[in-house]
Each structure stands twice: as structure tokens, then as C-alpha cells.
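What follows is a single structure, written as C-alpha cells, with notes after it.
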Amino acid sequence: MSQTLEQINELLQKGNMPEVIRLCNVAIEEGSSASDILDALLSGMSVIGGKFKRNEVFVPEVLIAARAMNGGLDVIKPLLVEEGVESIGKVVIGTVKGDLHDIGKNLVSMMMTGAGFEVIDLGVDVSPEKYVAALEEHNAEILCMSALLTTTMTNMKAVIEALDEKGLRDSVKVMIGGAPVTDQYAEEIGADKYTPDAATAAEVAKELVTA
Ligand code: B12
């Protein structure tokens, strides 16, 4: 890892958003690829995740690290996203009700955009009604739901039930993800696909619309 990438990793852990943003731009100028910068950001976030788990840091520290992470992601977004790609379909994405984690969701959103999808991002804490309304409004082929808490992942099921009730279930492919989510859970709640990471999510989404 270059010195700049190492600094990005360390400063992200300290939650220093302005410096993370500056150094992401420096790394780009130095010729680092977007995926190398993403790796540096993710590895910093993963150190914080481990510390959070062991009670060595608490919510405020994680929150400022997450802000720095999102700041860095904004810088590399144009590089991750291929420009001028014709839309291959529409994706509605959001983090489920009760859940405020958005880093993974933002990454999936970027990768989907990069794969040529038009992405309608509903943000975090999204109710079943809001997902349904967005699908009806935009006529999207794919619905992506993210959940990072075992207590909120159950809301994915509520959304699928709401789609059923509205008669929309057969007109949309449902993809789910987030740290606690598994293939088995996807099957259990009747989702179409689970993928463990954002890059695979974009590949699978492409397969779904071209199949
Ligand atoms: C950052 C973070 C926070 C930040 C979030 C800031 C933000 N803007 O997102 C803050 C500080 C706000 C936070 C709060 C809380 N958090 Co938190 N948080 C984390 C942490 C450290 C990192 C999550 C993250 O961003 N990872 C990096 C991203 C890139 O990974 P990812 O989200 O998994 O996404 C990847 C894949 O899962 C996949 N993916 C994600 N979404 C989707 C969707 C689709 C459709 C697909 C296909 C794929 C996909 O692709 C992504 C990229 O490859 C995790 C620890 C961890 N190891 O996950 C805890 C963690 C998720 N948090 C946890 C907890 C307990 C909380 C709180 C309840 C703490 C509290 N006491 O208040 C609150 C809940 C707030 C709420 N209502 O949501 C627990 C959850 C435990 C559990 N089993 O439920 C964890 C696991 C920490 C722990 N070990 O205890 N948290």
C-alpha cells in the first residue's frame, strides 16, 4: 500500500473527513486506482468495526469514521462509475426501516450506477410504503434492500409482503444484503438474490435484467 493509502486508512480511523477527502484526491493524482483507494477506506473502516465490537471505541467514533468514509467514497465515485453508459434498467435502493447504516448501501448504489443502472436511492430508515411508492413511480426492475442489524433485517420480509399485497411482487427482482444477511435468509423470506458484496451485486443485477 502506498504511503498516501496508508494515511487514508489511518485518518479514516481518526474520523478526519477533510484530510481523508484531500488524500483521496492526492491518491488519484498519484495514479492509484479507485479500487485501491476503496480498499484503503474499507480496511480503515474494518479496523474501527473490530474496535467497536470489542468496546474499544463507541458510537461517536464510529459515526465520524463513517462520515470520513462517505466523504472518501464521494471523491472516488466518478472513477468507480463509468460515464456515458446507457441505462440498462432501474434500481430502487434503500436501507430498511429502523436502520441508519448507509455505507454498504452507498457502495452498492455506486456499483449499480457503474454497471449502467439508473439508481433511485431512498436513503436510510425506509418504510415498506416508501419502497412500494418508489417502485410504482419509477417502474424499476430491481429492488435492493440493505440491513446491518439483526433487529432490522426482518423488515425486509415486511417489504416483500407489501409487494405481494400490491400485486407488484412478480414485476420486480428483489436483492438483499448487509452483514447479517445470508443466502438462507433470502430464501426464507422469498427474496430473489443475496450477494455478499457490492461488486457481485452489480454483476448479478445485470444478469437479472438480461436474463
Ligand atoms: C459504521 C457502523 C455504524 C455507524 C453507521 C454510520 C453510517 N453512516 O452507516 C453508526 C455509528 C451510526 C452505527 C450505529 C449503530 N450500530 Co453499527 N456498525 C457500524 C459498523 C462498524 C460498520 C458497518 C459498515 O459500514 N461496514 C462497511 C460496509 C461497506 O459493509 P456492509 O454495510 O456490510 O456492506 C457490504 C455488504 O454487506 C454488501 N451489502 C450491503 N448492503 C447491501 C444491499 C444489497 C441489496 C446487496 C446485494 C449487498 C449489500 O455490500 C457492501 C459492500 O461490499 C458495523 C460493524 C460491521 N462489521 O459491520 C456496526 C454494526 C452493524 N452496528 C451494530 C450496532 C449494534 C449498532 C447500534 C445499535 C449501536 C448502538 N448501540 O446504538 C446503532 C444502530 C443505529 C441504527 N438504528 O441503525 C452491530 C450490529 C449487531 C447486530 N447483529 O445487529 C454491528 C455489527 C457492530 C457490532 N459488532 O456490534 N453503526
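Worth pointing out:
- For the chain, the solvent-accessible area works out to 51 Å² per residue, with a probe of 1.4 Å and every protein chain left in place.
- Look at the alpha carbon pairs under 8 Å that are at least 6 residues apart: their mean separation over the length of the chain gives a relative contact order of 17 percent.
- The GluC sites (Glu not before Pro) of the stretch 31-130 meeting both criteria, a DSSP state outside H, G, I, E and B (loop) and at most 13 other C-beta atoms within 10 angstrom of the site's C-beta, are E56, E82, E83, E86.
- Estimated 222 nm signal from helices in the chain, with DSSP H stretches of n ≥ 4 weighted -39500 (n - 2.57), rounded to 500: -18500 deg cm²/dmol
- Quotient of C-alpha Rg and 2.2 N^0.38 Å, computed over the stretch 19-127: 1.15
- Across G116, G94, G31, mean-square fluctuation computed from a Gaussian network of the chain (C-alpha pairs under 10 Å connected) peaks at G31.
- Extending 7 Å from the Cα toward the beta-carbon at both K51 and A179 defines two label points whose distance is 1.5 nm.
- Surface composition of the chain: carbon and sulfur make up 51 percent of the accessible area, probe 1.4 Å.
- For the stretch 52-211, the Cα-based Rg and Dmax, in that order, read 15.4, 48 Å.
The values are calculated or read from the model by the stated rules, or taken from the named source; none is laboratory data. Everything quoted here is computed from the prediction, not taken from an experiment. With ideal geometry, Cβ positions are generated from the backbone for all residues, glycine too; neighbour counts draw on all protein chains shown. These accessible areas exclude ligands, DNA and RNA; they are computed on the full protein's heavy atoms, side chains included. Shrake-Rupley method; radii C 1.70, N 1.55, O 1.52, S 1.80 Å.
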